[in-house]
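**Student:** My questions will all concern the structure given below.
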Amino acid sequence: MYKSDFPIFKNNPNLVYLDSAATSQKPQSVIDAIKDYYENYNSNIHRGIYKISEQATDAYEKTRKKIAKFINAKSEKEIIFTRNTTESINLIAKTWGKENVKAEDKILISEMEHHSNILPWQQLSGEQNICLRYINVRDHKLDIQRAEAEINETKPALLAITHVSNSLGTINPVKKLAEIAHKNGGMILIDGAQSVPHMQVDVQSLDADFLAFSGHKMLGPTGIGVLYVKEEILKKMNPFLTGGGMIKSVSRFETEFADHPYKFEAGTPDIAGTIGLSAAIDYMNTIGIERIETHERNLTKYALKKLSGLSEVTILGLPFSEDRAGVISIVVDEIHPHDIAQLLDENNIAVRAGHHCNHILMKDVLKVTATTRISFHIYNDENDIDRFVESLKSIMTKIKR
Amino acid sequence: MNQIYKELILDHYKSPQNAGSLDNPTHEATEENTSCGDSIKVQLIMKDGRIKKIKHITEGCAISVAAASLLSEILVGKSIISIGKLDEQDIIKILGVQLTASRINCALLPLRAVRKALKLKTEN
Ligand SMILES: Cc1ncc(COP(=O)(O)O)c(C=O)c1O
């Protein structure tokens, strides 16, 4: 039903796209918005005293407001534009983290984190002698009881946790974790890369201190990401990158920085990307985030049911439940995921095979080298899943040893 | 369309030639593709600068297993010098399929292992 809004499916009529966790497709309205900017009011933002620059500035700043509303931030001043989730998390590690997490302090992450929510903390802990600890994953979810005990005991300065696992599809109880972290004097960073594009995420209700997400996974363009930081924290943070666009005044040896959020946006930003993201949010709002969530939930239920009928297939992650998002990883007896993905591709079915940037989860917890993963967005339908499952069945007979 | 999983590949994948191990190898090596977890252990018996026997245990995707099998067949009797000259193009020729950049590493794994066993330099 929504497929016709996405030109990729017109141009590839046979394409079954099941890799939205990697990146989503873009509706026509997003592509048009970017084109419109480049064709009709391309100019740099801020300080341009002419009409099209004011128009571009206006579009850029309106996006900030729109995002604030989308995640229910108190103020648009809490929204910083970055390139992606990875950069958002790095920004926090290299500013707030560097200044506030002291030697012997603890940072707690989990075994199901994406590498982009592991490496910045690993690096920081190496640099300042911080103790990096992991919440265990048990039966495809976080071991919350042990995590709670550990937080109560070790009082980590930061809890950095993914909202939704990009390999398992597990939705983590981040609201509860935020409560436990705060009670013990710590902060919580939520990796929203796989949640914000698919479900209502309310930073005030979750009481998130930091939230990171990527535009390209939420029907927007690549190159634009978002970092939300609670204003009282943001006020005390020092800049990440320095240069143009983030100052009040500069003299030879000293600079007075601009107020947040501009202080954290040095250099010419991805203006087109921001405008594209704005159109993506409009598109999602028109459908309604609850509707998107329900749609994906139904697809997840349908896919889990169909896959569970195949005896050679092991489904990773939780059974269908409230805590299960639209990401399904499977392992097929004796068939390497690369072979599956390649053979599916011969039928124009796009899935992801590999470790999904989750080495620790794969190696230490699941004890597999790779999985085959399917993931959804609003343009998917039951027919996509039928074609995937049928194709998978014929691959299993073809390649089984 | 380029069918990678043609008969030849599937046959060698399903029943790989020279699979197994040797009791008294003169050379051996293991090699792994860390990105996908494919692994190979190759064992050789060298005599007068030539491969007399080769066995391998390959675990991985169809491409890497078939490549190991096909390569093992053509290597028997080959000299170290000629093995040193084998390159990516030769492996593609042996497999008889076009491979995308993401899969070429699978196909090259066995050759890398053989070179490692013979202490030959590998490019990349
Ligand atoms: C949970 C999670 N975190 C972070 C990322 C990184 O996103 P990006 O590559 O857009 O920075 C991803 C993307 O795959 C993800 O799934």
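**Student:** How many nm separate the modelled label positions at A:Asn383 and A:Lys301, each set 7 Å beyond the Cα in the direction of the Cβ?
**Tutor:** 2.2
**Student:** Something else now. For segment A:126-279, what class follows from the C-alpha gyration tensor (a ≥ b ≥ c being the square roots of its eigenvalues): rounded when a/c is under 1.5, otherwise prolate if a/b is larger than b/c, else oblate?
**Tutor:** oblate
**Student:** Additional query: Can you tell me which of A:80-88, A:120-128 comes out highest on packing, and rank the rest after it, using the mean Cβ neighbours within 10 Å?
**Tutor:** A:80-88, A:120-128
**Student:** What share of the DSSP beta bridges in the protein assembly as shown is antiparallel, in percent to the nearest 5?
**Tutor:** So the antiparallel bridges amount to about 70 percent of the total.
**Student:** For peptide A:334-343, how many partner chain Cβ atoms fall within 10 Å of a residue's Cβ, on average?
**Tutor:** Going residue by residue through A:334-343 and averaging, the value is 6.
**Student:** Another one. Any idea what the alpha-carbon Rg over 2.2 N^0.38 Å comes to for chain A?
**Tutor:** Ratio of Rg to 2.2 N^0.38 Å for chain A: 1.01.
**Student:** Also, quick follow-up: Could you work out the local net charge near A:Lys155, counting Lys and Arg as +1, Asp and Glu as -1, over the other residues with Cβ closer than 10 Å to its Cβ?
**Tutor:** -1
**Student:** Moving on. Any of A:Lys141/A:Lys398; A:Lys102/A:Lys183; B:Lys14/B:Lys41; A:Lys175/A:Lys305 with alpha carbons more than 23 Å apart? Name them for me.
**Tutor:** The answer is A:Lys141/A:Lys398; A:Lys175/A:Lys305.
**Student:** Show the residues, 5+ positions off or on another chain, whose built amide H is closer than 5 Å to the amide H of B:Lys78.
**Tutor:** B:Ile51
**Student:** Report, as an integer, the average count of C-beta atoms from other chains found within 10 Å of each Cβ along B:56-62.
**Tutor:** Mean shielding by partner chains, rounded to a whole number: 4.
**Student:** Could you derive backbone 3J(HN,Hα) for segment B:104-112 from the dihedral phi with the Karplus parameters 6.51, -1.76 and 1.60 (θ = phi - 60°), listing whole Hz in sequence and x where the residue is Gly or Pro?
**Tutor:** 5, 4, 4, 5, 8, 3, x, 4, 4
**Student:** To the nearest 100 Å², how much accessible surface do chains A and B hide from each other in total, with a 1.4 Å probe?
**Tutor:** 1500
**Student:** On to the next question. Taking the simple approach of a point 7 Å from Cα along Cα-to-Cβ for both A:Val368 and B:Leu120, what is their distance in nm?
**Tutor:** So the two model labels end up 3.6 nm from each other.
**Student:** Beta carbons within 10 angstrom, averaged per residue: use that to sort the peptides A:102-111, B:19-28, A:2-11, A:169-178, highest first.
**Tutor:** Per-residue Cβ counts within 10 Å, averaged per peptide and sorted highest first, yield A:169-178, A:102-111, A:2-11, B:19-28.
**Student:** Okay, next question. What is the mean number of Cβ atoms from other protein chains located within 10 Å of the Cβ atom of each residue in peptide B:95-102, rounded to a whole number?
**Tutor:** Average neighbour count from other chains, rounded to a whole number: 1.
**Student:** Still on this structure, please answer the following. Each label point is 7 Å from the Cα along the Cα-to-Cβ direction; what then is the distance between the points at A:Lys236 and B:Ala19, in nm?
**Tutor:** Those two pseudo-labels are separated by 6.2 nm.
**Student:** Related question: State the Cα centre-to-centre distance between segment A:272-294 and segment A:78-117 in whole Å.
**Tutor:** So the two Cα centres are separated by 26 Å.
**Student:** Output ³J(HN,Hα) for segment B:58-69: one whole-Hz value per residue in order, computed from phi by the Karplus curve 6.51 cos²θ - 1.76 cosθ + 1.60 with θ = phi - 60°, and x for Gly and Pro.
**Tutor:** 10, 10, x, 7, 4, 5, 5, 5, 5, 5, 5, 5
**Student:** Ranked from highest to lowest mean number of other Cβ atoms within 10 Å per residue, what is the order of the peptides A:327-336, A:54-63?
**Tutor:** Highest-to-lowest ranking by the protection proxy: A:327-336, A:54-63.
**Student:** Now for a separate question. Rg/Rh for segment A:49-182 to two decimals, with Rh computed the Kirkwood way over all alpha-carbon pairs.
**Tutor:** A ratio of 1.06.
**Student:** Additional query: Of the options A:Gly126, A:Ile92, A:Ile80, report the single residue whose Cα projects farthest towards the positive end of the charge dipole of segment A:62-164 (beta-carbon charges: Lys, Arg +1; Asp, Glu -1).
**Tutor:** Result: A:Ile80.
**Student:** How much net charge surrounds A:Ile360 when only other residues with a Cβ under 15 Å from its Cβ are counted (Lys, Arg +1; Asp, Glu -1)?
**Tutor:** Surrounding charge for A:Ile360 is -1.
**Student:** If we count every other residue with Cβ under 14 angstrom of A:Lys102's Cβ, Lys/Arg +1 and Asp/Glu -1, where does the sum land?
**Tutor:** Combined, the nearby Lys, Arg, Asp and Glu give -1.
**Student:** For A:Glu256 and A:His359, what does the FRET efficiency come to when R0 = 56 Å and r is the distance between their Cβ atoms, rounded to the nearest 0.05?
**Tutor:** Working from the Cβ atoms, E equals 0.80.
**Student:** Rounded to whole Hz and in sequence order, give me ³J(HN,Hα) for segment A:23-29 from the Karplus expression 6.51 cos²θ - 1.76 cosθ + 1.60, θ = phi - 60°, writing x for Gly and Pro.
**Tutor:** Listing the rounded values in order: 7, 8, 7, 10, x, 3, 5 Hz.
**Student:** Quick one: accessible area per residue over segment A:243-337, 1.4 Å probe, rounded to a whole number of Å²?
**Tutor:** 47
**Student:** Additional query: Convert 25 °C to kelvin, take the viscosity as 0.890 mPa s, use the Kirkwood radius over C-alpha pairs of segment B:1-78 as Rh, and evaluate the Stokes-Einstein diffusion coefficient in µm²/s, rounded to a whole number.
**Tutor:** Rounded, D is 188 µm²/s.
**Student:** May I ask you to derive the FRET efficiency for B:Lys47 and A:Ile144 from their Cβ-Cβ distance with R0 = 60 Å, giving the value to the nearest 0.05?
**Tutor:** E between B:Lys47 and A:Ile144, to the nearest 0.05, is 0.45.
The values are calculated or read from the model by the stated rules, or taken from the named source; none is laboratory data. Because the structure is a prediction, the values reported are computed rather than measured. Counting neighbours? That spans all protein chains shown, and the Cβs are built from the backbone with ideal geometry, glycine included. Accessible surface is based on the protein model in full, side chains and every heavy atom, while ligands, DNA and RNA are left aside. Shrake-Rupley method; radii C 1.70, N 1.55, O 1.52, S 1.80 Å.
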